[in-house]
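Chemist: My structure is below; once you've seen it, I'll send some questions.
The values are calculated or read from the model by the stated rules, or taken from the named source; none is laboratory data. Fair warning: this is a prediction, and the values are worked out from it, not measured in the lab. Quick reminder, even Gly has a Cβ in these numbers, built from the backbone with ideal geometry, and neighbours come from all protein chains shown.
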Amino acid sequence: MNESARTLTGEDVARFRAETPGVSSRVHLNNAGAAMMATPVVDAVIGHVSLEARIGGYEAFAESASRVDAIYDSVAGMIGASRDEIMLADSATGAWQRVFYSLTFEPGDRILTTESEFAANYVALLQVCRRTGATVDVIPDDSSGDLDLEALERSMDDRVRLISATWIPTNGGSICPAVETGRIAAEHGATYLLDACQAVGQLEIDVEQLQCHVLTATGRKFLRGPRGTGFGYVRRDLLTSLEPAFIDVFGAPLVAPDHYELRDDARRFETWEADYAARLGLGVAVDYAVAVGIDRIRIRNAELVHRLRTGLSDIRGVTLRDRGTTHAAIVTLTHDAMSANDIMTALARYDINVSVSPPASTPLDSSTRRLPPVLRLSPHYYTTTDEIDFVVDRVRHIVRG
């Protein structure tokens, strides 16, 4: 099938917008923060909460147990994994931390990360290095703004224990060469931990092709799930060697008064209590995205982002801050005379949702490039071209004063 045949049609977009109540009252270009949920997702969450209110929380879970269990199949199918390699969490960070803090390091071990590493991940790397005597080294970007794969290759030695990478940074639309990074990790026997927080829901994911050992993601961003949801993938050959940093009787049932046994699947990283209403919403969001077609979403988003970037780049005083050779559905900018926060506030008066990414969110990249807070605009496939043009026009009007 050629690429144009896979592009979402106007009728498709109209149908998805009809199932997205939020777009009737505002232009939502903050999908990199939290996307608008579709009606089936909202119905799943509210329906389960209502069921809990009617019959009781435990009883509602018992009635919904098969649908909860099916979430593992949905997530696994979306990323090319097996269901036993999937765990559910309350956030991408929570999933990332549960696996990362279960890895063991010794003095002299090396952790490699990238300039675009998310702050929450980077501080955890520093903490573990302080505790264990391992070190963390930052692989620079090349002249185009992509991860420098040659520098990564040169940095590999038998002391590299972990490569921690962010697929799409929170402060820009550049896409890390995640497959090539996985190839280098595999060739040198290093564990590969990939944060796919901004990638899931807008890029196709195949963990076998990525060759990652761990992949973590959130539900609330481009996947269009509820806040307070996330998931992790842990490859089986790593999974069976890890004891979670903390456990309870869900992940490690007692089999004798003085003995527990870890579950043999990735749910060893989970705990007994969970927000099952939110998880059911996550499952519906995964199924919804797969039904739309992740590759069709990618193509639609590329069209929207091209239009948005082209329009914004023509505004005097605007500097686009995204680097790299390929871009996801995130556009960041600064203006010569007006702060990102002031532009965001002004856009909100027109019911336009955008966000500001501060330097603290990606401290390495922001420090290297001396970035101020940047305005972040992130459309999604249910955004219309008319909305893109409206936002560009409003930005032009605002910065002219």
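Chemist: Can you confirm whether the stretch 367-375 contains a residue that is in contact (Cβ under 8 Å) with a residue 40 or more places away in the chain and of a type in the set (Gly, Ala, Ser)?
Modeler: no
Chemist: Mind listing whichever residues of the stretch 333-361 are within 19 Å of the chain's Cα centre (by Cα) and not polar (S, T, N, Q)?
Modeler: Listed by number, the residues that qualify are VAL354, VAL356, PRO358, PRO359, ALA360.
Chemist: Looking at (1) modelled with pLDDT of 95 or more; (2) surrounded by fewer than 19 Cβ atoms within 10 Å (Cβ to Cβ); (3) more than 20 Å from GLY283 (Cβ to Cβ), which is the only condition VAL27 fails?
Modeler: Result: VAL27 passes all but (2).
Chemist: Run ILE315 past the list (1) under 28 Å from VAL179 (Cβ atoms); (2) at pLDDT 95 or above; (3) not in a strand (DSSP E or B) and report the number of the one that doesn't hold.
Modeler: (1)
Chemist: Shifting gears a bit: List, please: which pairs have Cβ atoms under 7 Å, are six or more places apart or on different chains, and start with a residue in the stretch 186-202 that is not assigned by TED's automatic domain parsing to the domain that holds THR114 and end with one that is not in a strand (DSSP E or B)?
Modeler: Matching pairs, first to second residue: none at all.
Chemist: Still on this model: Test ARG309 against the criterion of being among the basic types (Lys, Arg), in a helix (DSSP H, G or I) and touching a helix residue (DSSP H, G or I) at 6+ places or on another chain (Cβ under 7 Å), and give yes or no. Break it down stepwise before answering.
Modeler: Values: among the basic types (Lys, Arg): yes; in a helix (DSSP H, G or I): yes; touching a helix residue (DSSP H, G or I) at 6+ places or on another chain (Cβ under 7 Å): no.
Spelling it out, it is not the case that ARG309 is among the basic types (Lys, Arg), in a helix (DSSP H, G or I) and touching a helix residue (DSSP H, G or I) at 6+ places or on another chain (Cβ under 7 Å).
Chemist: Are there helices (runs of 4 or more DSSP H) fully within the stretch 1-63 with at least 2 residues that are under 22 Å from the mean Cα position of the chain (by Cα) and in contact (Cβ under 8 Å) with a residue 12 or more places away in the chain? List them. Steps first, answer last, please.
Modeler: On the way: elements: 3-6, 10-18, 39-55.
Hits in the stretch 1-63: 39-55.
Chemist: In this structure, does ALA76 turn out to be farther than 24 Å from ALA199 by Cα and assigned to a helix (DSSP H, G or I)?
Modeler: On the way: farther than 24 Å from ALA199 by Cα: no; assigned to a helix (DSSP H, G or I): yes.
No.
Chemist: Looking only at helices (runs of 4 or more DSSP H) that fall completely inside the stretch 320-400, which ones have 2 or more residues that are at pLDDT 95 or above, among the β-branched types (Val, Ile, Thr) and surrounded by fewer than 21 Cβ atoms within 10 Å (Cβ to Cβ)?
Modeler: Values: elements: 340-348, 363-369, 385-400.
By residue number, 385-400.
Chemist: Here is a follow-up. Among (1) among the β-branched types (Val, Ile, Thr); (2) within 28 Å of MET37 (Cα to Cα); (3) under 23 Å from the mean Cα position of the chain (by Cα), there is one condition THR325 misses while meeting the rest; what is its number?
Modeler: Condition (2) is where THR325 drops out.
Chemist: Are there any pairs with C-beta distances below 6 angstrom linking a residue in the stretch 76-87 that is assigned by TED's automatic domain parsing to the domain that holds THR218 to a residue that is surrounded by fewer than 16 Cβ atoms within 10 Å (Cβ to Cβ) and part of a helix (DSSP H, G or I), with the two at least 6 apart or on different chains, and if so which?
Modeler: Here the result reads MET78/VAL290; GLY80/GLU208; ARG83/ASP73; GLU85/ARG236, each pair linking the stretch 76-87 to a residue that is surrounded by fewer than 16 Cβ atoms within 10 Å (Cβ to Cβ) and part of a helix (DSSP H, G or I).
Chemist: Across the stretch 264-290, what is the number of residues that are among the small types (Gly, Ala, Ser) and farther than 12 Å from VAL68 by Cβ? I'd like the intermediate steps shown before the answer.
Modeler: Step one: of the stretch 264-290, the residues among the small types (Gly, Ala, Ser) are 266, 274, 277-278, 281, 283, 285, 289.
Imposing the further condition that a residue be farther than 12 Å from VAL68 by Cβ reduces the set to 266, 285, 289.
Residues in the stretch 264-290 being among the small types (Gly, Ala, Ser) and farther than 12 Å from VAL68 by Cβ: 3 in total.
Chemist: Show the residue pairs that are 6+ apart or on different chains and have beta-carbon atoms under 9 Å apart, the first residue being within the stretch 110-139 and part of a helix (DSSP H, G or I), the second being charged (D, E, K, R).
Modeler: Between residues of the stretch 110-139 that are part of a helix (DSSP H, G or I) and residues that are charged (D, E, K, R), the close pairs are ASN121/ASP195; LEU125/GLU117; CYS129/ASP109; THR132/GLU106; THR132/ASP109.
Yes/no per residue for (1) under 14 Å from PRO379 (Cβ atoms); (2) in contact (Cβ under 8 Å) with a residue 24 or more places away in the chain; (3) among the aromatic types (Phe, Trp, Tyr):
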residue: THR325; (1), (2), (3): no, yes, no
residue: ALA328; (1), (2), (3): yes, yes, no
residue: VAL331; (1), (2), (3): yes, yes, no
residue: ALA337; (1), (2), (3): no, yes, no
residue: ASP342; (1), (2), (3): no, no, no
residue: TYR350; (1), (2), (3): no, yes, yes
residue: SER355; (1), (2), (3): yes, yes, no
residue: ALA360; (1), (2), (3): no, yes, no
residue: ASP365; (1), (2), (3): no, yes, no
